[in-house]
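Each remark here refers to the structure printed beneath this line.
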Amino acid sequence: MARVDIIMPQMGESIAEGTLSKWLKKVGDEVKRDEPIFEISTDKVDAEIPAPAAGVLAEIIVKEGETVAVQTVVARLETEKGAALGKTEAPAPTEKVTPQPTPAKQPERAASAPAPAVVASHTGNGNSFEDRVRTKSSPLVRKIAAEHGVNIASLHGSGVAGRVTKRDILGFIESGASTTSTVQGARTGGHAMPLPEPWAGDVVEPMSKMRALISDHMVASRHTSAHVTSFFEIDFTRVARIRAKNRAEFEAATGQKLTYMPFIIKAVTQGLQAFPIMNSSVAGTNVIYRKKINIGVAVALEWGLIVPVIKNANDLSLSGITRALNDLAARARAKKLSPEEVQEGTFTITNPGVFGSLMGTPIINQPQVAIMGVGAIEKRPKVLPGADGEDTIAIRTCAYFSISFDHRVIDGAVADQFLAFVKKTIETFPETGL
């Protein structure tokens, strides 16, 4: 038989697991190559996953609602047409696409968050498969554990073979529990806040899986980075005039709607080239300076928030950025993004101004070191120097920008210089920049 394993894809660098939210096919259904076969949810994306080959869905291993580690086999395709239909016997052994052991079955998870990780009943010698998997948790989990003096090997998590996940380590820390390897001295505020109780008439709804994962990711980012935020006001009057003058011709030539965001992305890519530390990641006591400039742009959805990535944005013209941005945003809302399109971001832009917000303090998208927030772009009265030296009041198109940065590696002066560079680039954008 020719069987093909279908695996849980990795939808981001810091993502170690995903939830299979819905099967779009059932056992016995024929599928075409690249046809959507199931939906997944992570804190980065809620997406449809295409079939890796054409064939018949022979076996479903992971049920709807289950959360499994990336690279876990979730189903198998039979590529010989009809071979999988009507069969009830156990499937024949298959070659694994990945060298990692695949569990026969993942335990079902409750809709609520898993219980905090528990202290293992044995310490082990570190040589068993379970010990190796547990201690090889994601870099983010190991980072959080190290900061709180927790030995991962002493915990039994909810992942494969007791693998400790982000939710496990955060739940363990918040529970106020301790292990023999915990550093001496109690943490400040070592006890979790009591959960609120619903009152009469209240409505209680569980978080969606995507919302719960976003919650975990935001808390973990706060645990990881030393967040600081600065603000600048940027004058968009020149860009607004350029856009108004060229908009009809641009949209007729490219078929793309021209917004302010491509101008912002273009300025940011130039700023990242001038200040490489803003386009880096922290790896322990090392700093990784990224050669690629991959801009993630947050897209708000009815069911959450995702961040598709424009790869090598510094190599694109304004029209190229516009095309990539519009395409990614449209497919994000239609759940048509592929895994690689939400991976390898090096800097993120979020735009709360589209909803009228003047400014905000966004949380860094790990493992990046900075994120920029764009406030509402609107007309305001501004005091400007007149030709005769007297101050005058003029109507200008302006917006507040914020930059949240990781103070472990970025000083306030550098972050401000970066945002000042972005400000100057936007305010002096060339007429021929289209």
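The values are calculated or read from the model by the stated rules, or taken from the named source; none is laboratory data. From a predicted model like this one, the values you see are computed outputs, not experimental measurements. Cβ sites come from the backbone with ideal geometry, for glycine too, and all protein chains shown count toward neighbours. For accessibility, only protein heavy atoms count, side chains too; no ligands or nucleic acids. Shrake-Rupley method; radii C 1.70, N 1.55, O 1.52, S 1.80 Å.
So which of V239, V204, V268 is within 20 Å of S317 (Cα to Cα) and more than 21 Å from the chain's Cα centre (by Cα)?
Details: V204 fails: within 20 Å of S317 (Cα to Cα); V268 fails: more than 21 Å from the chain's Cα centre (by Cα).
Going through V239, V204, V268 in turn, the sole match is V239.
For K423, the conditions (1) closer than 19 Å to V239 by Cα; (2) assigned to a helix (DSSP H, G or I); (3) open to solvent by less than 20 Å² (accessible area, probe 1.4 Å) are fulfilled apart from (3). The sole residue among A240, A253 that is surrounded by fewer than 15 Cβ atoms within 10 Å (Cβ to Cβ) and either in contact (Cβ under 8 Å) with a residue 40 or more places away in the chain or of a type in the set (A, V, I, L, M) (or both) is A253.
Please find, within the stretch 382-420, the residue that is nearest to T224 (Cα to Cα) out of those that are without any contact (Cβ under 8 Å) to a residue 24 or more places away in the chain and in a loop (DSSP other than H, G, I, E, B). Spell out how you get there, then give the answer.
Taking the stretch 382-420 as the starting set, the residues that turn out to be without any contact (Cβ under 8 Å) to a residue 24 or more places away in the chain are 383-395, 411, 413.
If we keep only those that are in a loop (DSSP other than H, G, I, E, B) as well, we get 386-390, 411.
Details: G386: 48, A387: 51, D388: 53, G389: 50, E390: 50, D411: 17 Å.
My answer is D411.
Looking only at the stretch 271-300, filter to residues that are in contact (Cβ under 8 Å) with a residue 24 or more places away in the chain and basic (K, R); which one of those is nearest to A313 (Cα to Cα)? Only one residue fits best here, namely K292.
For residues in the stretch 333-354 being part of a helix (DSSP H, G or I) and β-branched (V, I, T), which is surrounded by the fewest Cβ atoms within 10 Å (Cβ to Cβ)?
Within the stretch 333-354, the first condition is being part of a helix (DSSP H, G or I), and the residues that meet it are 333, 339-342, 352-354.
Adding the requirement that they be β-branched (V, I, T) leaves 342, 354.
Numbers: V342: 24, V354: 15.
Going through the qualifying residues, I end up with V354.
Conditions (1) at pLDDT 70 or above; (2) touching a helix residue (DSSP H, G or I) at 6+ places or on another chain (Cβ under 8 Å); (3) open to solvent by 20 Å² or more (accessible area, probe 1.4 Å); (4) not basic (K, R), marked per residue:
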| position | (1), (2), (3), (4) |
| --- | --- |
| S137 | no, yes, no, yes |
| V141 | yes, yes, no, yes |
| G162 | no, yes, no, yes |
| V183 | no, no, yes, yes |
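Just one of the listed residues (T397, T392) is over 30 Å from V342 (Cα atoms) and surrounded by 12 or more Cβ atoms within 10 Å (Cβ to Cβ), namely T397. Taking residues in the stretch 209-226 that are within 17 Å of V282 (Cα to Cα) and open to solvent by less than 10 Å² (accessible area, probe 1.4 Å), and partners anywhere that are part of a helix (DSSP H, G or I) and of a type in the set (K, R), the pairs with Cβ atoms closer than 7 Å and at least 6 places apart or on different chains are A220/K166. Restricting to the stretch 306-332, name every residue that is in a loop (DSSP other than H, G, I, E, B) and either within 18 Å of the chain's Cα centre (by Cα) or modelled with pLDDT of 95 or more (or both). Passing the criteria: V307, P308, K311, N312, L316.
Each residue in the stretch 249-271 was checked for being under 17 Å from P362 (Cβ atoms) and either in a strand (DSSP E or B) or of a type in the set (A, V, I, L, M) (or both), and 4 of them qualify.
If you go through the stretch 294-305 one residue at a time, do you hit one that is open to solvent by 60 Å² or more (accessible area, probe 1.4 Å), of a type in the set (A, V, I, L, M) and modelled with pLDDT of 95 or more? Steps first, answer last, please.
Initially, the stretch 294-305 is screened for residues open to solvent by 60 Å² or more (accessible area, probe 1.4 Å), giving 302-303, 305.
Adding the requirement that they be of a type in the set (A, V, I, L, M) leaves 305.
Then drop every residue that is not modelled with pLDDT of 95 or more, which leaves none.
No, the stretch 294-305 contains no residue that is open to solvent by 60 Å² or more (accessible area, probe 1.4 Å), of a type in the set (A, V, I, L, M) and modelled with pLDDT of 95 or more.
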